[in-house]
1. Hey, does the stretch 70-79 have a residue that's more than 20 Å from the chain's Cα centre (by Cα) and crowded, with 17+ Cβ neighbours inside 10 Å?
2. Among the residues of the stretch 233-265, write down those that are in a strand (DSSP E or B) and surrounded by fewer than 19 Cβ atoms within 10 Å (Cβ to Cβ).
3. Restricting to the stretch 216-232, name every residue that is out of contact with any helix residue (DSSP H, G or I) (no Cβ under 7 Å at 6 or more places or on another chain), part of a helix (DSSP H, G or I) and surrounded by fewer than 19 Cβ atoms within 10 Å (Cβ to Cβ).
4. Looking at the stretch 295-310, is at least one residue closer than 27 Å to residue 41 by Cα and in a helix (DSSP H, G or I)?
5. Kindly indicate whether residue 87 is in a helix (DSSP H, G or I), modelled with pLDDT under 90 and at negative phi.
6. Examine the stretch 290-301 for a residue that is modelled with pLDDT of 85 or more, more than 34 Å from the chain's Cα centre (by Cα) and closer than 30 Å to residue 417 by Cβ, and state whether such a residue exists.
7. Any residue at all in the stretch 144-152 that's modelled with pLDDT of 85 or more and part of a helix (DSSP H, G or I)?
8. Give the stretch 280-328 a look and list any residue that's over 17 Å from residue 193 (Cβ atoms) and touching a helix residue (DSSP H, G or I) at 6+ places or on another chain (Cβ under 7 Å), or say none.
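The values are calculated or read from the model by the stated rules, or taken from the named source; none is laboratory data. What you see is a predicted model; the values in this text were computed from it and never measured. Cβ placement follows ideal geometry from the backbone for every residue including glycine, while neighbour counts extend to all protein chains displayed.
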């Protein structure tokens, strides 16, 4: 029988509750006030950066996301493994004693939001730097995580912890876990939103070689989301090319709240070790009453199209981490049960002392047997995009849609000057939507390097098509 309990709440729970309610400024203030322990620093930096973006504070977002990206680089290259002290503490207490190094999906997303913040602040050169990091992480992540999966498999098969490997199989085969593992539409590591925002960053830099990288990133994103007609059109013609003839507006919509983790406790009672439990984190989906945006300009109305399904990314990453989660938990449980048995056996001639030991150890295990529920909780459930010609009125009408249709009145959104303008819309629910606008280029025609590249590409296509 499984029992779902609250477990140890990750840091910043109040700030995340405010964010989930759509109180972005309150969430930002509360999250920025947190001074986390070193083992939670990467997670809190990621949260601080994201809630700052959603609150319309790209300057703070840029600063903290840059630090988070540096931490991700440090964990990926210099400190990929936990220390012996952390491993020991995670066995004696629980997995929250390990430094949160972020999932591969987290690290990619940190750089994606860092690129967005740099574009927002009008620094395409730095945005291109983070686009480079996105590409590197998406290229390396699949290989590196497969190595980790193989390592855990070897540890499970070789561990000499008595019934530990059997416990791993028992948990995976238990009724509570049926249906937990799902098949995502694309890899846990690859993120089409990250590829797309990286492409926009490279394109905005005005560099011809970066423009080539942008086209490759757009093709990658389109391959992950083949149904997205906006992406297919951008692969055919980069929006920065189109803007050389007519100014363009890009819309990025992020809706609701992505999955987080809740705790499942599986009771474990034995006469020789007293009460215990197996604590495991389970994915938890959150409700969503928004489905898309309707954008109207110059009498034409379009809707945003799905780009990334962050719940699918979260679920797929969880599926790949699950063997390690179960194994580490099993090692912790086995160690505590063994310590309880040894302590009780040392007083086998004193029944009162044995009862006291079993009661004390049962209380200790009840307090410390907690699942690690840390995850990045301010990310949206999905992202969507659209592209439209800049209207002659320099104003677009934007309405939030639900599955049932219009969720509220359309908002008039004035556009800033620029050949390519982005509108970032963050909506937690129909009544909590923030809209931000910023320019990705100046009002003048695009850089000559991009124009030259576009012209050469057109010439090559024309030559290739000739008989």
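1. No, because not a single residue in the stretch 70-79 is more than 20 Å from the chain's Cα centre (by Cα) and crowded, with 17+ Cβ neighbours inside 10 Å.
2. Just the residues of the stretch 233-265 that are in a strand (DSSP E or B), to begin with: 248-255, 260-265.
The answer is 262, and nothing else.
3. Selection gives 216, 223, 229.
4. yes
5. It is true that residue 87 is in a helix (DSSP H, G or I), modelled with pLDDT under 90 and at negative phi.
6. yes
7. Within the stretch 144-152, the first condition is being modelled with pLDDT of 85 or more, and the residues that meet it are none.
No, that holds for no residue.
8. 280, 281, 283, 285, 320, 323, 324, 326, 327, 328
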